[in-house]
Amino acid sequence: MIERAPFSAVFGIGSAVEVKNNAGAIIFGGTIDSNPKTIDDSGEVRTTRVQCVDYSQIADRHLVSYAYVSDIARTWYAGTIIKDVVERFFSYADASENIDVTNVADGPVIEKAVFNYIPASQVFSELADLAGFVWYIDFEKRMYFFDSSSNAAPFGLTSASENWRDMRITESREQYRNRQIVVGGNSLTEERDDSFVAEADQKLFVLPFKVGTALHVYVDTVEKTLGINGLDEGKEFYWSYGSPTLTAETAPGAGKVVKLEYKGLFPILITEENSAEIMARRAIEGGTGVYEAIADDTTISLQETGVMFALAYLRKYSTIPKTIEFGTDTAGLRAGQLIAVNIPELDLTDDFLIESVNIKDYGGRINRYKINAVSGEALGGWLDFFNSLARQSQNLRLYDDEQVGILRENAETINVSDAAETDNTGKPESRTDLARADFGETDWVHP
């Protein structure tokens, strides 16, 4: 926006913005993210560059701290978790973000998901990635969460379609890997019982695993009291989370058999690979053909969850895709759609997943779009990929922390009242520090 002095007020940060085309259809809705201003040397001309973000940005502003566990009482689906997040965390006091969740599909069952102050946008994205779904909040604050395989673009590209220009094709192995390592946190072992023959005056017993939870302790088959070190008192034995030691308050005595029943902790280290891709790279490049990558996530506390994440990384990155960039004047494309491209002379015959859409206005007469999309041909096509995800029967887990911290503000109302008491009975002052020596009874007696 270019202005001449005197300057008018500029729209403030966070102000709502709605852009319509010549037909009156909304092509953008959101809020102002920044509005840097430049004034020329004369001080007479000011240029303001207004940058806006769509309503999906609302999900970046709210943190999620809650544990979702499917059990007999309730089954949590990916979509019902999203709806609950919007209801629970997109409101404050008597105000809300007014997000319509009518178009949020259920998706797969989530066996367990624990979020410790994670941005809602990250929650939505991870649920979408694992389920093979797409999520976004549209220009009218309607939220969508649905199967990616059903999200077809309103038109495709062909050699004769005349709805595209300046096609650019790129192949890159920038994020490619065919062997994925995931380093997680600690997972619980099955229940164990480890025994020791005590020596004289021995109070400390070293276990083969760090203790995750201690259940029972025995001395010569007689159960003894067990407490947490630093928390409990008056117990015969103590343990600490993450420590491999069991401590006796009093030495059991030489030859006594001490047995602890507990669940230990072991570090999660997962390795998964795509053997077909390794052999394909070997045939092209020689050598081992192995491309390794590592992901570190201490929130993973189950072996199965680590495997799930490793496979998800491989599904996404164990391919060298084709990325296309093209221009079009035809409206209707948006990120997350699958656009069919059939241009054999450019070796493009696949469904491409649209990753970004940029709009540029030309003189208020025409909107031109710049599209970036990626192929799924190395996975058998995006439709096959997303459909295979939808067919998975396993229940999904996200973040297996056993506890989630929740900050609460408790409001308490206290009613205080005061009643004035009137005493018209005249009384003499008898306190020595307040009585007056020159004051007689006749001066205070009521007539």
Protein accessible area in the stretch 170-245, 1.4 Å probe - carbon and sulfur %: 45 percent
Subtracting the Cα-Cα distance from 0.36 nm times the residue separation, let me have the gained length for residue 355 to residue 250 in nm, one decimal. 31.2 nm
Residue separation between residue 228 and residue 69 times 0.36 nm, minus their alpha-carbon distance, gives in nm 54.5 nm
Would you mind counting up the charge near residue 273? Only other residues with Cβ under 12 Å from its Cβ, with Lys and Arg at +1 and Asp and Glu at -1. 0
Cβ-based net charge around residue 138, under 10 Å, with every Lys or Arg adding one and every Asp or Glu removing one: 0
Measure off 7 Å from each Cα along the Cα-to-Cβ vector at residue 340 and residue 275, then give the distance between these two points in nanometres to one decimal. 3.6 nm
Rounded to one decimal in nm, the spacing of the 7 Å Cα→Cβ label points at residue 283 and residue 172 is 2.7 nm
Test of understanding: what is the full-extension gain from residue 103 to residue 266, defined as 0.36 nm times their sequence separation minus their Cα-Cα distance? 54.5 nm
Between the stretch 304-352 and the stretch 167-193, what is the C-alpha centre distance in whole Å? 20 Å
How large is the accessible surface per residue of the stretch 244-313, computed with a 1.4 Å probe and reported in Å² as a whole number? 51 Å²
Whole angstrom only: what separates the Cα centroid of the stretch 234-296 from the Cα centroid of the stretch 79-155? 34 Å
For the residue pair residue 116 and residue 333, what label-to-label distance in nm results when each label sits 7 Å from Cα along the Cα-to-beta-carbon direction? 4.2 nm
Along the Cα-to-C-beta direction of residue 191, a point sits 7 Å from the Cα; which residues of the stretch 245-273 have their amide N less than 12 Å from that point? 261-263
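The values are calculated or read from the model by the stated rules, or taken from the named source; none is laboratory data. Remember, it's a predicted structure, so these values are computed and weren't measured experimentally. Cβ sites come from the backbone with ideal geometry, for glycine too, and all protein chains shown count toward neighbours. Ligands, DNA and RNA are stripped out before the accessible areas are found, and what is left, the full protein with its side chains, is counted by its heavy atoms. Shrake-Rupley method; radii C 1.70, N 1.55, O 1.52, S 1.80 Å.
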